[in-house]
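Asks: Quick one: structure below, then a few questions.
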Amino acid sequence: MINAPTRATTAEVTAIDTQARGPLLLLVGSGLGWLVASGIFALITSIQLHSPGFMADCSWLTHGRAEALRETAFIYGWAANAGLALGLWVLGRLGGSPLRALNWAVVGTVFWNLGVIGGLIGIATGDMTSFAHFQLPRYVQPAMLLAYGAIAVPGVLAWSGRRTDGTYASQWYAVAALFLFPWLFSAAQVVLLWAPVRGTLQAIAAGWYAQSLWACWLAPMALAGAYYVVPKVAGRVLPSYDFAPLGFWTLIFVGTWTGGRHLVGGPVPAWIATIAVVACAMLLFHYMVVTLNLRGACGTSGTAIRFIRFGLVAYVLTGALDALTSFRSVAVDTQFTFLASALEQLGLSGGVSMMLFGGIYFMVPRLTGRTWASSALADGHRWFVMTGVVVLIGALAVAGWTQADALLDAKVALSDIFGHVRLPLLVASGAQLLVLGANLLFLVHFCQSACACCLTAAPAENPFRQPSTLEAPAS
Amino acid sequence: MKNGPLLLLGLFGALAISWAGIVLGSHLQLGALTPYYDDSEGKSFPELAPGMAARGQLVYADLGCAACHTQQVRRPDYGSDRARGWGERQSVARDYVHQARPQLGRSRLGPDLTNLAGRKPSAPDAEDLAKLLYLGSPTHPGYSFLFDTRQVVGEPSAKAIKLTGKLAPAPGSEIVPTERAQSLVAYLLSLSTPYDYPESRPVPRPAPKTAPAKPDQKAVPATVPDVKKKAGEGKQ
């Protein structure tokens, strides 16, 4: 079954894209806004780590609340909006006809983002749920579920009304993300908020949700973009494509079982952690297939592909390190330290974010029908954000390593550990500032490009364009 | 994968299986866990926290204290938890049966708080905790918004925190913990796991050359006909 997207020299039909321009640009724009907001919260939490008194007087921004705000703005603001835009676009394009019912998506986007705003205000005023990756207060969650349903309508219609016989890997990932989020979001709401399970079962259910969110939503959204862009830009069929379905189903079936690895040694049944260790090892097959399929990203140039390459490396590294740190003998060191934060940043800022950036750099020129406004801004964003993320993860890893070593030695007081990790944490704050600056640059660049498209009539006489004409100035 | 409905069914099934396996499976195992009734003591453990402490847990959760503090002690041979004095035994699921929202935590920037009130040789008292919360320390933020600075009218409040030197409030005024701070302190002072359940004892290490036993298997039925032991120190 070789039905990967064919050579990118095939003319690209932008007529499909022009109708989706407004709604999808709205999604991307709000996503970028949230990314910058999340960067501000990340900077605050990072400073608080080495200077605990920072903003301590402000009850809205205690370290715990700022941390929840950062995480929520990143996942439900940035990744959700940008990932959905990319997913809908991919489904529309591969479905072979313009997206329908986009009004639903616009209404959904508005209400989803209102939900995120309400959620952040709720968290800041003390209504967070205190479950990792599920901090949105309970009163905004049902509305957000409905809003999500509305955003997904065009995707569902594009999937059910597709004109092609075969389906592509990026479609599977996009459909999986679209369908599975409401499933797991509502299941988690029931067992954690409306009819909460007792005691430490909540930690188990929250771990299941956080991991399923990664395996069934965040990763598939990012991979949907990567599986679409890489063959398009590389201009050839994906290698080892026969393995792609196996890789996909491994992620969906096995990925959701890995949540218990954070509960190693905790007050839960031992099989929860054991099964997570096994699942983490099995999941390596998925990462291997992704590497095999998308290895074409190496040796190809272009802004989009460079981001995706970085994202893929980070994504695969995340998988390998997840498996390594899930073992009990390793987890005894790494649990509860900055190494866990470093790993989370590697997956989210390094893997998912970068692949979404790549997808956006590829998608937006095709939506607006014109190239990015400035190649200097694109290059600046790329250099700053990549340097920032690498330094951030490196600094957190050094801090985590030092902390892990010292925590095991009961003679080292906690206050001394604080002194040892201060320097790497200062570096991490600098890196957060760099990432924030880079993402601000990207937001400005995106606004420039989107406004240029809205202010002047689109020169869309000829709907057939060569991809090279759209890529060139930003690469 | 040409068959759309089959794909959706597969997706639905994959998540349903893992949900049933992890969430429902552990619920079947632990959902009916009851407090442990001790005949010789004539009461059940863990004991219900007083109302003030239960309210304090909400304050603990809404300030996000769990971002830096865990509330789970690992077994003695796994990590340095016991050596740091955080607890003599591992935490078990039964410790949390009365908690509306257990705050296990995922990061140890600060100390584990499972046994804060049972620390040896000396556990902090209400005054220490109120001062830490108000002033902070080089490693802990001070949350002055949890306190009111007000004029002394009549008798000074017994709850006012006693500060000296530069930190002392202006003459005629006092710094009094708000109700939230008082509940939080009451909660922190209620954190103690003095009772040893049968399932919480460390499994003795097997002799070398034999296969290692599963040391952190904790879930056992509620009625284990076993001798109970109470480590009766440090209970608030």
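Asks: Ignoring any ligand, DNA or RNA, what whole percent of the accessible area of the stretch B:32-195 comes from carbon and sulfur when the probe is 1.4 angstrom? Don't jump to the answer; show the numbers that get you there.
Replies: Numbers: 4090 of 7280 Å².
Reported share for carbon and sulfur atoms: 56 percent.
Asks: Ignore the peptide's own chain and count Cβ atoms of other chains within 10 Å of each Cβ in B:143-151; give me the average, rounded. Please list the in-between numbers first.
Replies: On the way: counts 5, 3, 6, 1, 0, 0, 0, 0, 0.
Counting Cβ atoms of other protein chains within 10 Å of each residue's Cβ and averaging gives 2.
Asks: For the ranges B:163-176, A:162-175, what's the packing order if you count other beta-carbon atoms within 10 Å of each residue, average per peptide, and put the highest first?
Replies: Working: B:163-176: 12.1, A:162-175: 20.9.
Most protected by this proxy first, the peptides run A:162-175, B:163-176.
Asks: Translational diffusion coefficient of chain A at 4 °C, 1.567 mPa s, Stokes-Einstein with Kirkwood Rh over Cα pairs, in µm²/s as a whole number. Mind dumping the intermediate values first?
Replies: Numbers: Rh = 22.6 Å.
D, rounded to a whole number, is 57 µm²/s.
Asks: In peptide B:95-105, how many Cβ atoms from other protein chains are near each Cβ within 10 Å, on average?
Replies: Mean inter-chain Cβ contacts per residue within 10 Å come to 5.
Asks: Just how many % of Cα pairs in the stretch A:44-98 lie over 15 Å apart, if you round to the nearest whole percent?
Replies: It works out to 61 percent of all Cα pairs.
Asks: Right, something else. Hey, what angle do you get for helix A:102-124 against the long axis of chain A, alpha-carbon based, 0 to 90 degrees rounded to 10?
Replies: For A:102-124 against chain A, the angle is about 20 degrees.
Asks: Report the extension gain between A:VAL330 and A:THR387 in nm, rounded to one decimal, defined as 0.36 nm multiplied by the number of residues separating them, less their alpha carbon distance.
Replies: Numbers: separation 57, 0.36 × 57 = 20.52 nm, distance 2.82 nm.
This chain segment gains 17.7 nm when fully extended.
Asks: With r defined as the distance between the Cβ atoms of B:ALA32 and B:LEU163 and R0 fixed at 56 Å, what FRET efficiency is calculated, to the nearest 0.05?
Replies: Values: r = 50 Å, r/R0 = 0.88.
So, using R0 = 56 Å, E works out to roughly 0.70.
Asks: Compute the semi-axes of the equivalent ellipsoid of the stretch A:223-374, taking the square root of 5 times each eigenvalue of the Cα gyration tensor, and list them largest first in whole Å. Let's see the in-between values first.
Replies: Numbers: eigenvalues 218, 60, 26 Å².
Equivalent ellipsoid of the stretch A:223-374: 33, 17, 11 Å, largest first.
Asks: To the nearest 10 degrees, how steep is helix A:80-95 against the longest Cα principal axis of chain A, on a 0 to 90 scale?
Replies: 30 degrees
Asks: In peptide A:49-59, how many Cβ atoms from other protein chains are near each Cβ within 10 Å, on average? Can you show the working numbers first?
Replies: Working: counts 2, 0, 2, 10, 6, 1, 1, 7, 6, 2, 7.
Mean partner-chain Cβ count within 10 Å for A:49-59: 4.
Asks: In whole angstrom, and with the biggest value first, how far do the Cα coordinates of the stretch A:225-292 range along each principal axis?
Replies: The principal-axis extents, from largest down, are 52, 19, 14 Å.
Asks: Let me ask something else about it. Could you compute how much accessible area chains B and A hide from each other, both sides summed, with a 1.4 Å probe? Nearest 100 Å² is fine. Mind showing how you got there, number by number?
Replies: On the way: alone 15060 and 18580 Å², together 27210 Å².
What B and A bury together is about 6400 Å².
Asks: Please give, to one decimal in nm, the separation of the simple spin-label points placed at B:SER44 and A:LYS411, each 7 Å out from Cα toward the Cβ.
Replies: 4.6 nm
Asks: Let me ask something else about it. Between the helical axis of A:141-160 and the dominant principal axis of chain A, each derived from Cα atoms, what acute angle in degrees is found, rounded to the nearest 10?
Replies: Tilt relative to chain A: about 40 degrees.
Asks: Summing -39500 (n - 2.57) over the DSSP H runs of n ≥ 4 in the protein assembly as shown and dividing by its residue number, what mean residue ellipticity at 222 nm do you reach, to the nearest 500 deg cm²/dmol?
Replies: Numbers: 23 runs with 381 residues, N = 711.
Rounded to the nearest 500, it is -18000 deg cm²/dmol.
Asks: Rounded to a whole number, what % of the accessible area of chain A do carbon and sulfur atoms account for, probe 1.4 Å? Before the final figure, lay out each step's value.
Replies: Details: 10720 of 15420 Å².
It is 69 percent, rounded to a whole number.
Asks: Arranged from highest to lowest average of other beta-carbon atoms within 10 Å per residue, in what order do the peptides A:128-136, B:103-111 appear?
Replies: Details: A:128-136: 24.2, B:103-111: 20.7.
Packing proxy ranking, top to bottom: A:128-136, B:103-111.
Asks: What FRET efficiency do you get for B:HIS98 and A:LEU146 if R0 is 51 Å and r is their Cβ-Cβ distance, rounded to the nearest 0.05?
Replies: That gives a FRET efficiency of 0.90.
Asks: Next question. For the stretch B:32-195, what size does the Cα cloud have along each of its three principal axes, sorted from largest down, in whole Å?
Replies: On the principal axes, the stretch B:32-195 reaches 54, 34, 30 Å in Cα extent.
Asks: Rounded to the nearest whole Å², what accessible area per residue is found for the stretch B:32-195 with the 1.4 Å probe? Please report the intermediate quantities before stating the final value.
Replies: On the way: 7280 Å² over 164 residues.
Ligands and nucleic acids excluded, the result is 44 Å² per residue.
Asks: Okay, next question. Averaged per residue, what accessible area in Å² does the stretch A:263-333 show with a 1.4 Å probe, protein chains only? If you can, show how the numbers build up before the last one.
Replies: Details: 2350 Å² over 71 residues.
Here the residues of the stretch A:263-333 average 33 Å² of exposed surface.
Asks: Let me know the number of lysine pairs in the stretch B:32-195 closer than 26 Å at the Cα, not counting same-chain pairs under 8 apart. All intermediate terms of the calculation are to be shown ahead of the outcome.
Replies: Details: B:LYS43/B:LYS120; B:LYS120/B:LYS131; B:LYS120/B:LYS159; B:LYS120/B:LYS162; B:LYS131/B:LYS159; B:LYS131/B:LYS162; B:LYS131/B:LYS166.
Final tally of qualifying lysine pairs is 7.
Asks: For a Förster distance of 22 Å, can you work out the FRET efficiency between the beta-carbons of A:ILE121 and A:CYS58, rounded to the nearest 0.05? Could you put the intermediate results ahead of the total?
Replies: Details: r = 14 Å, r/R0 = 0.65.
That pair, A:ILE121 with A:CYS58, gives E of 0.95.
The values are calculated or read from the model by the stated rules, or taken from the named source; none is laboratory data. Quick caveat, the model's predicted, so the values are computed rather than measured. Using ideal geometry, Cβ is built from the backbone for each residue, glycine included, and neighbour counts are taken over all protein chains shown. The accessibility values were calculated without ligands, DNA or RNA, using every heavy atom of the protein model including side chains. Shrake-Rupley method; radii C 1.70, N 1.55, O 1.52, S 1.80 Å.
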